[in-house]
1. After finding the eigenvalues of the alpha carbon gyration tensor for the chain, what semi-axes result from the square roots of 5 times each, listed largest first in whole Å?
2. Output ³J(HN,Hα) for region 31-48: one whole-Hz value per residue in order, computed from phi by the Karplus curve 6.51 cos²θ - 1.76 cosθ + 1.60 with θ = phi - 60°, and x for Gly and Pro.
3. Using the crude model of +1 on Lys and Arg Cβ and -1 on Asp and Glu Cβ, and no other charge, please compute the dipole size for the chain relative to its Cα centre, in debye to 20.
4. Taking the full set of protein chains and a 1.4 angstrom probe, give the accessible area of residue 23 in square angstrom, rounded to the nearest 10.
5. Net charge near residue 37: determine it from the other residues with C-beta under 14 Å of the C-beta of residue 37, scoring Lys and Arg +1 and Asp and Glu -1.
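The values are calculated or read from the model by the stated rules, or taken from the named source; none is laboratory data. Here the structure is a predicted model, which is why all the values come from computation and not from measurement. Positions of Cβ are backbone-derived with ideal geometry, glycine not excepted, and every protein chain shown enters the neighbour counts. Heavy atoms of the whole protein, side chains included, go into the accessibility calculation; ligands, DNA and RNA do not. Shrake-Rupley method; radii C 1.70, N 1.55, O 1.52, S 1.80 Å.
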Amino acid sequence: MHTIDVILHLSVTECLAYYEGHYDNVRARSVDGRWVIFPAQALHRIVGQEGVHGVFRITFTEQGRFHTIVPLNRC
């Protein structure tokens, strides 16, 4: 599987928009400058009381489909 580390800073309001279905995908910048798009429902696993803030590792399948997201550090 392939991994990429992304920086996320989403407020509670932004996360709520994803939860309410206003967006299907999240677009984020990786630590090496690439843009990554992944399913918004992945935020359910990492959202906290302040939203989502920090660096997260996204794992993709060999076919390029989202598999998991885990925190590396939270800001």
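1. Semi-axes (√(5λ), whole Å): 19, 14, 10.
2. 5, 9, x, 7, 8, 10, 10, 9, x, 4, 5, 5, 5, 3, 7, 10, 6, x
3. Approximately 140 debye in magnitude.
4. Here the residue's solvent-accessible area equals roughly 130 Å².
5. For residues surrounding residue 37, the net value is +3.
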